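The values are calculated or read from the model by the stated rules, or taken from the named source; none is laboratory data. This is a predicted model, so every value here is computed, not measured. Backbone-built Cβ (ideal geometry, glycine too); neighbour counts: all protein chains shown. For accessibility, only protein heavy atoms count, side chains too; no ligands or nucleic acids. Shrake-Rupley method; radii C 1.70, N 1.55, O 1.52, S 1.80 Å.
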Amino acid sequence: MTLRAMRAAAAVSVTLLTGCVGIHAVQPAAPAAASPVKVVYHMTHGLEEAQRGIGNIRNHLAADPTARIVVVGNGDGILFMLDGAKDRNGNPFEVGIQELKSRGVGFRLCNNTLVNRKIERSRVLPEINLVTSGVAEAARLQAHEAFVYLRP
């Protein structure tokens, strides 16, 4: 290969790698008003997970106050939504739930868990909505309402 051919090949390689031939820098268009991020936090493992999850949700809302968040609990993930439940520091979960509810967070509890564990509906905090199945609700939110699935 001649020196001239090698230089031409090198120039083509640089052009292909950098994409600089005849292309002018274009400023990206201003983003259209985005719809809020929708997230389902799925709780299944009890009070430690719930305490961590509530902290995650607070952080999430601090970073993105427009986020639409729903918490779905089933199995041991319902325990923090019951009257008298406290975190490891002795603070009632009800206070955190009320605070997040006032910021638009929804809370949904699995009725199947209540029935299977023979827990009276009267023990569920008034801020909580019942759904037939927690796992079915988490799946429905993902499949039909475009919610992102997160575990705390």
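The table for this structure:
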read-out	value
Breaking point among (1) at pLDDT 95 or above; (2) touching a helix residue (DSSP H, G or I) at 6+ places or on another chain (Cβ under 7 Å); (3) open to solvent by 10 Å² or more (accessible area, probe 1.4 Å), for Val21	(1)
Enumerated helices (runs of 4 or more DSSP H) restricted to the range 27-137, each holding at least 3 residues that are open to solvent by less than 60 Å² (accessible area, probe 1.4 Å), among the aliphatic types (A, V, I, L, M) and in contact with a helix residue (DSSP H, G or I) (Cβ under 8 Å, 6 or more places away or on another chain)	47-63
The range 133-152, residues that are of a type in the set (S, T, N, Q) and farther than 19 Å from His45 by Cα	Gln142
Total residues in the range 43-58, condition over 12 Å from the mean Cα position of the chain (by Cα) and under 15 Å from Asn91 (Cβ atoms)	6
